[in-house]
Each structure stands twice: as C-alpha cells, then as structure tokens.
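S.K.: Input: one structure, supplied below.
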C-alpha cells in the first residue's frame, strides 16, 4: 500500500553553494548519532509495523468468527493466552482499533513481536533488488518495470512466508523452514501478483504524468550564501500539489488497496493447518475453499478472495489505513518539531569561510 513518504515531492533544487565551506562544531556529530538512536526505532515502527504488518492483519481478519475455534496443538503457550485476553476484551474486530492491534502484537511475543518477520522481508527485498538488476540488465533499462514483476514472481515463496510469519503465532522452527513450495505459491499467487504490479505501476506513473502536465516540480531549496537557506515555491504550486496529492490518494483507494487485499488474502489461504493465526481467520473463505486433501485447490482464487471481503471489512481496512496515515503524519511532525530547533541552533553556530551565520 502506498506509504506516506510517497505522497510528497522528492525533487529538491540545487542551491548556489559553490565556494562556500561550512565548518560544523565537533558536537554536531554526537547530536546526529543521538538523533539516529532515538529516531531509528520510530522510523522502523512507522515503515514496517504500521505500513506493512497491521494492514496485513486487518486484511485477513474474519469479522464474524465461529462461536467456537479449533484448538491448536500448541495453544497452551503464554502468547496464546495473552492474545486471547486481548481479543476477548471487545466484541468488535481487533483491527478496528489501531491501539488494540498494537496490544495484540505485544501480547503474542512482547515488544519485538511488532517487528516479527522483518529479517525475512529484508532478505526478500535484497533478493528482489538483485533479480531486478539481473532482469533489467538482460532486457534493457527501459524494461525495468517488467524486471520488477519478474523479480516479484520469482520470490513469491518468500513474500508468502513473510505473511504467514506475520499473521500467525511464533513457532519453534526456523522461519526459513516455513517457506511454502515454489510451485504451490506460484500457482496460487502469480495472478494477484501481476494485478498488484499493474496497480502499482499505474499509481507510480499517473502522478508523474500529471506533474509533467501541470508543470509541477515542488519546492526548491535555495542557498545564495548571504542568508539562511530557504524553500522557494512557484506561483500555482500549492493547488498543483493538492491535485497531485488527491489523485494519488484516489488511485490508492481505487486500485492499490483492492489489489493488495486480494493478494494478501490469497497468500493467507496458503497458511498451513498447524499455523495458528493471531486474529480470527476463515480458512474456508465462507466455505468456498476446500482443503487440497478433499479434492480442492487448497487456496483461494481471485474471485473467492474478492467476493469474501464484506462491505464492513472494506470500511474497516480503509479506516485503519486512514488511522495509520494520520499516525505516521503525526510522528513525522513530531520528529520535525524536535529536529528543526536543532537545525536552527546548529546553523546559528556554523562558521562559513565568509563569516558566521
């Protein structure tokens, strides 16, 4: 799903800083290190837990769980008991509340449960980048988007295993032993993977094309050497940025979120029977999916994954996305409120070769 940082312009103009040398005080390095130590966990929580983990839980959660649940073989662990206590605290779906979802993750494995599967995602991303380079090198740079699709299809085992790790209770086995077979993962997920790739490319190119049509380049940082650097905007940039932002959000709602929901639900349908999900999850998809041992495919199809999402589930998922978006904006604003005074304080004490600011 689209991230908050993707909704802001990246281009920054080049300032006229040639010939100007800044001599920062020695303590600035310590301040940078301190900021890194403080903000790194916060950034990781935003970019991984909020943007990746919690939406996945919301997508797979069943809003109408059965009156009784099958008892897992290892359900006597403390994580299961804690999770059950959180789940039974309110009759609403857990992922209706961002706070309840966060408590649930903590109950299933402590603080670091919020980052479960992070290493697997890193490895998957690493392999993806290598494969994109290989495919783009073979096909040509112009076919980089196609190389991205081929890389995603090649690593469907890893992306599916990551989802299983995130939505289920921890197991006493290596995460790498939880990889489904490539053939089974590919057969189940290649179609939704292609659909999500198409949706992503549309969401990437439409705002870019719109920016070109509107001649919108975003604010530029200007430093003429005589006064403190400042951001400069051109006439009309405000309404242009609003148009690009609104279109980006609409694309996210119209195609990215639906494509992501279908892909995640099909990946979740491959969850092994001995894996216990941490949120209520209907493995049968309202009776439309038969186990492979009963002459069924054993996983959801595109039609089943789509039709099994109820209107209330759509609302819950979109509302959770809005809450995540607002939370991340709040966290980013807090970081800026902390860092901007630091920047002003530093710039007042930086010596240039032409004098002191």
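The values are calculated or read from the model by the stated rules, or taken from the named source; none is laboratory data. Please read all numbers here as calculations on a predicted model, not as lab measurements. Methodologically, a virtual Cβ is constructed for each residue, glycine included, from the backbone with ideal geometry; neighbour enumeration extends over all protein chains shown.
S.K.: Taking the range 158-190 on its own, how many of its residues are crowded, with 17+ Cβ neighbours inside 10 Å and outside any helix (DSSP H, G or I)? First the steps, then the outcome.
M.R.: Pass one, the range 158-190, residues crowded, with 17+ Cβ neighbours inside 10 Å: 158-169, 175, 178, 180, 184-185, 188-189.
With outside any helix (DSSP H, G or I) added as a condition, the list becomes 168-169, 180.
Of the residues in the range 158-190, 3 are crowded, with 17+ Cβ neighbours inside 10 Å and outside any helix (DSSP H, G or I).
S.K.: Can you pull out the residues in the range 166-185 that are touching a helix residue (DSSP H, G or I) at 6+ places or on another chain (Cβ under 6 Å) and more than 17 Å from residue 112 (Cα to Cα)?
M.R.: 178, 179, 180, 182, 185
S.K.: Taking the condition of being touching a residue at least 60 places away in the same chain (Cβ under 8 Å) and within 24 Å of residue 97 (Cα to Cα), how many residues in the range 237-265 meet it?
M.R.: Qualifying residue count, the range 237-265: 12.
S.K.: Only one of these is more than 22 Å from residue 255 (Cβ to Cβ), in contact (Cβ under 8 Å) with a residue 60 or more places away in the chain and surrounded by 14 or more Cβ atoms within 10 Å (Cβ to Cβ): 155, 108. Name it. Lay out the reasoning, then the answer.
M.R.: Working: 155 fails: in contact (Cβ under 8 Å) with a residue 60 or more places away in the chain.
Unique residue meeting the criteria: 108.
S.K.: Still on this structure: Give the residue, chosen from 328, 317, 247, that is touching a helix residue (DSSP H, G or I) at 6+ places or on another chain (Cβ under 8 Å), at pLDDT below 95 and not in a loop (DSSP other than H, G, I, E, B). Explain how you work it out, then say what you get.
M.R.: Working: 328 fails: at pLDDT below 95; 317 fails: at pLDDT below 95.
On inspection, the qualifying residue turns out to be 247.
Conditions (1) surrounded by fewer than 20 Cβ atoms within 10 Å (Cβ to Cβ); (2) touching a strand residue (DSSP E or B) at 6+ places or on another chain (Cβ under 8 Å); (3) touching a residue at least 24 places away in the same chain (Cβ under 8 Å), marked per residue:
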{"residue": "267", "(1), (2), (3)": "no, no, yes"}
{"residue": "272", "(1), (2), (3)": "yes, no, yes"}
{"residue": "288", "(1), (2), (3)": "yes, no, no"}
{"residue": "299", "(1), (2), (3)": "no, no, yes"}
{"residue": "331", "(1), (2), (3)": "yes, no, yes"}
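S.K.: Return the pair list, or none, for Cβ contacts closer than 8 Å from residues in the range 36-64 that are free of Cβ contacts under 8 Å to residues at least 40 places away in the same chain and on the phi < 0 side of the Ramachandran plot to residues that are part of a helix (DSSP H, G or I) and surrounded by 17 or more Cβ atoms within 10 Å (Cβ to Cβ), at least 6 apart or on different chains.
M.R.: Final answer for the pair search is none.
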